[in-house]
């Protein structure tokens, strides 16, 4: 037995000397490590966007919208990945999530506006700078509470609007979130 272990050890040493393991070093610039490019937070990006609007800098506006679009999509993907990790620990029944709705919102209702039907959500302070888990649960609760309505359409766009409002800057600025199911696109900075 000892001879087999010794032979195996010698074979491993020979293999390692024939096929050396090389370390891979990757340099990452500061801009790549920041979620919002050169901007530290979404609020910084938001402020830069409106500065570009005031200055009439359309090229900068487009650049900032692209960053916001990419990061919003990443946030949704991260949330969806987190949701799959959470599911085994919670009851997946729709009634469970519907019951969670009052944890995150004072109210939610459909209303007709000049531009079309709108799902109006009056958020609670728990969503101001909320954790990914609380924002994810708030979205799931909203989905299960309202998705059976005939007014519900364009789930992916409504989800995008929801997560856009949940970003720190918007969650502080707006206590009323409006999800418009008829929309097919939106500005990812203003959420409109």
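The values are calculated or read from the model by the stated rules, or taken from the named source; none is laboratory data. From a predicted model like this one, the values you see are computed outputs, not experimental measurements. Quick reminder, even Gly has a Cβ in these numbers, built from the backbone with ideal geometry, and neighbours come from all protein chains shown.
Please tell me if residue 185 is loosely packed, with under 15 Cβ neighbours inside 10 Å, within 16 Å of the chain's Cα centre (by Cα), modelled with pLDDT of 90 or more and more than 18 Å from residue 102 (Cα to Cα). In short, no.
Does residue 107 satisfy being surrounded by fewer than 14 Cβ atoms within 10 Å (Cβ to Cβ) and modelled with pLDDT of 90 or more? Taking the combined requirement at face value, the residue satisfies it.
Here residue 177 clears all of (1) touching a residue at least 12 places away in the same chain (Cβ under 8 Å); (2) surrounded by fewer than 20 Cβ atoms within 10 Å (Cβ to Cβ) except the condition numbered (2).
Candidates in region 140-156 are the residues that are under 18 Å from the mean Cα position of the chain (by Cα) and in a helix (DSSP H, G or I); of these, the one that is surrounded by the fewest Cβ atoms within 10 Å (Cβ to Cβ) is 156. When region 157-182 is filtered for residues that are part of a helix (DSSP H, G or I) and more than 12 Å from the chain's Cα centre (by Cα), the ones remaining, listed by number, are 157, 158, 169, 170, 171, 172, 173.
Looking at residue 185, is it within 27 Å of residue 67 (Cα to Cα) and either assigned to a loop (DSSP other than H, G, I, E, B) or without any contact (Cβ under 8 Å) to a residue 60 or more places away in the chain (or both)? Taking the combined requirement at face value, the residue satisfies it.
The residue of region 110-124 that is farthest from residue 177 (Cα to Cα), among those that are surrounded by 14 or more Cβ atoms within 10 Å (Cβ to Cβ) and in contact (Cβ under 8 Å) with a residue 60 or more places away in the chain, is 117. In region 33-48, the residues that are touching a residue at least 12 places away in the same chain (Cβ under 8 Å) and at positive phi reach residues that are assigned to a helix (DSSP H, G or I) and surrounded by 13 or more Cβ atoms within 10 Å (Cβ to Cβ) with C-beta atoms within less than 6 angstrom, at least six apart or across chains, in these pairs: 37/67.
Please work out if residue 69 is modelled with pLDDT of 55 or more, in a helix (DSSP H, G or I) and surrounded by 13 or more Cβ atoms within 10 Å (Cβ to Cβ). Considered against the rule, which asks whether it is modelled with pLDDT of 55 or more, in a helix (DSSP H, G or I) and surrounded by 13 or more Cβ atoms within 10 Å (Cβ to Cβ), residue 69 comes out as yes.
Of the residues making up region 54-66, those that are without any contact (Cβ under 8 Å) to a residue 60 or more places away in the chain and in contact with a helix residue (DSSP H, G or I) (Cβ under 6 Å, 6 or more places away or on another chain) number 2. Note on region 29-39: residues that are assigned to a loop (DSSP other than H, G, I, E, B) and at pLDDT 85 or above amount to 1.
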